[in-house]
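Engineer: First the structure, then my questions, so here it is.
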Amino acid sequence: MTKTNIAAALSKKKLKASLSQSLLSLSFDILGLLTGTLLVLYFGVLSIDQAPWAVLLYPGILSVRGAVGGLFSGHLGTGLHLGTIKPVLTKNTKDFQNLLSVIVTLTLVSGVSVGIGTWVFGVFLWNATLIDFVPLLAVIIATMALSVVFISPLTILFSVFSFRRGLDPDVVVYPVTSPVSDIINTSCYVLSLALFFLLGSFGRYLIWILDIVFVCFVVYIFIKNVGNTDFVGIIREFLLTLFFVTVIVNITGSLLNRISGNAIYRVYPAIIATIGGVGSIIGSTATTKLALGLIKPTFTSIKQHINEIGGAWIASIILFVFYAVLSSFISGAATLGDLVTFTGQLLTTNVFAVSVMVIIAYAVAIFTFRRGWNPDNFVIPIESSLADTMTTAAVIIALALIV
């Protein structure tokens, strides 16, 4: 019997390695449940009368910061494999310094962009004025500044650590740092809101000082690198991604309203993080293979990527079953039938969402590479944002099919 191309590409050793590393990295998505806990504990801060935009701004902050973080981890993974970035914490390469400058700049740009989008939406929703835009801008810039201070070093440390330990940074870095980043971003946002609105003049002064320092630092970086073609190229390519992310955030919010109140909502942060993690693993490993010349820039080469896809997908299925059991235990599911139904809903969600994300992540990598663009500027930022929308849509389908 002749083996098919896909069967021939399967390797028990490679599949096992991909599965173990994927399961290790994706297991951190359980931390997504803590993000929801923080929102519940500090919902009073997000409901301040002077800031009617606080809740609406929150999803945008997570999305754009996740997109920037995805770009960072994608470039780090590829750079470490190619040797253009060294697995050290000090005295790194010029490419690393350039990448760090890009991340700091894009953090401010993306924050201001999502702030403007939220304010424009507020003009129609609650008749927001230019005066309302001032505190909104102050809070989001402070949040972005704090996130750079805490999240960027975390991403660098874990990238270096994983590479030194023989792990594949394309597989482990983004899935591990993403849920942790969501918790940090949420904390930074809550802190910025509390300082600006609850601590009087002293808190507002602190926020304005932080804003001014961060903006001046970014302006200095931009002036210093304005003639740097690599710096400008990444910024220019990411602006297109930023537009898509802004649109996707609004679509996701509309879909999310349709599943409010369902039991599955309890694990929603964890499952969207897991689906996004699967997409990042597939996309990042594909971009590295393209850069190394190990696969051809055609969609049919996906057959040679079957081990990475299979490992990540199987790991996500295992975790979805775990989420079902954990959620049912917490909510006190009455019968075994309730658990079976809930597990079926989650697994159906997984099948639909992962199927779409595999195609999207791989297609974006191939398309951007063939266009002569850097796939790391697009793959994770786009797939991580689309993962929220695709997972939400898949949840709606699953709830309709399994009652």
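Engineer: Here is a list: Ile183, Ile212. Which entry is of a type in the set (A, V, I, L, M), assigned to a helix (DSSP H, G or I), modelled with pLDDT of 90 or more and at negative phi? Break it down stepwise before answering.
Structural biologist: Details: Ile183 fails: modelled with pLDDT of 90 or more.
The unique qualifying residue is Ile212.
Engineer: Being surrounded by 21 or more Cβ atoms within 10 Å (Cβ to Cβ) and among the hydroxyl-bearing types (Ser, Thr, Tyr) is the filter here, so list the residues in the range 276-308 that pass it.
Structural biologist: Ser280, Ser284, Thr285, Thr287, Thr288
Engineer: Return the residues of the range 156-180 that are touching a residue at least 24 places away in the same chain (Cβ under 8 Å) and either among the basic types (Lys, Arg) or not in a helix (DSSP H, G or I) (or both); say none if nothing qualifies. Even if it seems obvious, please write down each step before you answer.
Structural biologist: The first filter runs over the range 156-180 and keeps only residues touching a residue at least 24 places away in the same chain (Cβ under 8 Å), leaving 156-157, 159-160, 163-164, 167-180.
Arg164, Leu167, Asp168, listed by residue number.
Engineer: Out of the residues in the range 142-172 that are crowded, with 19+ Cβ neighbours inside 10 Å and among the charged types (D, E, K, R), which is modelled with the highest pLDDT?
Structural biologist: Asp168
Engineer: Return yes when Lys94 is basic (Lys, Arg) and modelled with pLDDT of 75 or more and no when it is not. Can you show your working first?
Structural biologist: Working: basic (Lys, Arg): yes; modelled with pLDDT of 75 or more: yes.
Considered against the rule, which asks whether it is basic (Lys, Arg) and modelled with pLDDT of 75 or more, Lys94 comes out as yes.
Engineer: Going residue by residue through the range 259-274, is there one that turns out to be under 17 Å from Ser73 (Cα atoms), within 17 Å of the chain's Cα centre (by Cα), of a type in the set (Val, Ile, Thr) and modelled with pLDDT of 85 or more?
Structural biologist: Initially, the range 259-274 is screened for residues under 17 Å from Ser73 (Cα atoms), giving 273-274.
Remaining after also requiring within 17 Å of the chain's Cα centre (by Cα): 273-274.
Of the ones still in play, those that are also of a type in the set (Val, Ile, Thr) are 274.
Adding the requirement that they be modelled with pLDDT of 85 or more leaves 274.
Yes, some residue in the range 259-274 is under 17 Å from Ser73 (Cα atoms), within 17 Å of the chain's Cα centre (by Cα), of a type in the set (Val, Ile, Thr) and modelled with pLDDT of 85 or more.
Engineer: Just give me the residues in the range 282-338 being over 30 Å from Phe163 (Cβ atoms), touching an Asp or Glu at 6+ places or on another chain (Cβ under 9 Å) and of a type in the set (D, E, K, R), in sequence order.
Structural biologist: Within the range 282-338, no residue meets the criteria.
Engineer: On to the next question. How many of the residues in the range 215-227 are assigned to a helix (DSSP H, G or I) and loosely packed, with under 14 Cβ neighbours inside 10 Å? Lay out the reasoning, then the answer.
Structural biologist: Of all residues in the range 215-227, those assigned to a helix (DSSP H, G or I) come to 215-225.
Retained after the next criterion (residues that are loosely packed, with under 14 Cβ neighbours inside 10 Å): 216, 219-220, 223-224.
Number satisfying all stated conditions: 5.
Engineer: I'd like the residue in the range 96-125 that is more than 23 Å from the chain's Cα centre (by Cα) and either of a type in the set (D, E, K, R) or surrounded by fewer than 16 Cβ atoms within 10 Å (Cβ to Cβ) (or both) and, out of all such residues, is nearest to Val55 (Cα to Cα).
Structural biologist: Leu125
Engineer: While we're on this one: Would you please list the contacts, defined by Cβ atoms under 7 Å and residues six or more apart or on different chains, that run from a residue in the range 235-248 that is part of a helix (DSSP H, G or I) to a residue that is surrounded by fewer than 18 Cβ atoms within 10 Å (Cβ to Cβ)?
Structural biologist: Glu237/Trp373
The values are calculated or read from the model by the stated rules, or taken from the named source; none is laboratory data. Predicted model, so just to flag it, every value in this text is computed and none were measured. Glycine also receives a Cβ, built like all others from the backbone with ideal geometry; neighbour counts cover every protein chain displayed.
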